[in-house]
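Please read through the structure below; I'll follow up with questions.
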Amino acid sequence: MTNSTDPATSDPGSPVRLQARLDPVLSRWLWLVKWLLLVPHIVVLAVLGAAVWVLTIAAFLAILVTGRYPRVLFGFNLGVIRWWWRVAWYGYGGLGTDRYPRFALDDSPDDPARLDVAYPGSLSRGLVLVKWWLLALPHYAVLAFLVGAGGTGLARAGGGLLSLLVLFVAVLLLFTGGYPAGLFGLVTGIDRWVLRVVAYAGLMTDAYPPMRMDQGGTDPAGPLPGPDTTARAAAPAATEAAAGSTALRTRPGTTTVAPAAVVQPPPTGRSVLLGIGAWLVLLGAGLGIGGGTGATGLAAVVAAVVAGSVVLLVGVALIVVGARPLPDGDGR
């Protein structure tokens, strides 16, 4: 396992590009409660994750017959993985931002965590039978060490080296308020490795993921388009170690993070609906677990769960309907 940030040793044609931007200032204590703040996202992603499994099976059959991944299914699954990556970077897959993740399937240049997978023109009918289990086995073995037995648990603390590194980050944030450049590189390297394997095992590409840890906020295949790339072109002398406008400048014994500040947009109506729905579902579940007895208690449990589910489904439907379709071409 090697580290690589040199374009000469990286794969410039990689279809999977991950980008992570570190906040200029991170809260010393917010990481203590992020697990609670992320509950609405976890509830929604549990529903969307089940949909991804079903749609991936459908894509498997489509590839086997036609050699193509249906564009609509590809766009939806990519959107869910993007969402998952934003949650991971905010939560215990990085702790790299205090900007609350959007409830959305689409990509935005303002997001601290971004992901793109180029839409494939065609896919091998033979590889689809073996790549997600047999060919990916070496990666699964490595990722079991890096992120725990789950293999892809970015959005949760699931054990493995990544959880240990994020724990170090949390302790350093608590006592120093700083995010060391070395840890930033390792964390982004592991996250990038995981998501490359997720895309490959999810049948979204035939390009075999490299067995290496490409560190840093900007992907070796190049930055994702956005205002940050324009700013970087205007200031080529800046030392870039993170995506977008994030630059880590180090001298012996110190680490200074100096990216441009990003303004947190107000929550949208869809985000509010999802949050309310998730909490209503959890309220109903809590009442049931807490032993709500009698007709009144049972009615309260059912009402909370049903109301929460309806609101949650409306929010998810609005997000899916409002998602931007993939452009023609390679999808970048």
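Answer rounded, prolate or oblate for segment 51-151, using the Cα gyration tensor with square roots of eigenvalues a ≥ b ≥ c: rounded when a/c is under 1.5, else prolate when a/b is larger than b/c, else oblate.
Oblate shape, in that a/c is at least 1.5 and b/c is the bigger or equal ratio.
Which one, Leu134, Val117, Ala88, is farthest towards the positive end of the dipole of segment 42-134 when Lys and Arg carry +1 and Asp and Glu -1 on their Cβ?
Farthest towards the positive pole: Leu134.
Percent of accessible area on segment 1-146 owned by carbon and sulfur, 1.4 Å probe?
The value for segment 1-146 is 74 percent carbon and sulfur by accessible area.
Output the peptides 62-71, 114-123 sorted from most to least packed, where packing is the average of other Cβ atoms within 10 Å over each peptide's residues.
114-123, 62-71
The values are calculated or read from the model by the stated rules, or taken from the named source; none is laboratory data. What you see is a predicted model; the values in this text were computed from it and never measured. All Cβ positions, glycine included, derive from the backbone under ideal geometry; neighbour counts span all protein chains shown. Calculation scope for accessible area: heavy atoms of the full protein, side chains included, ligands and nucleic acids excluded. Shrake-Rupley method; radii C 1.70, N 1.55, O 1.52, S 1.80 Å.
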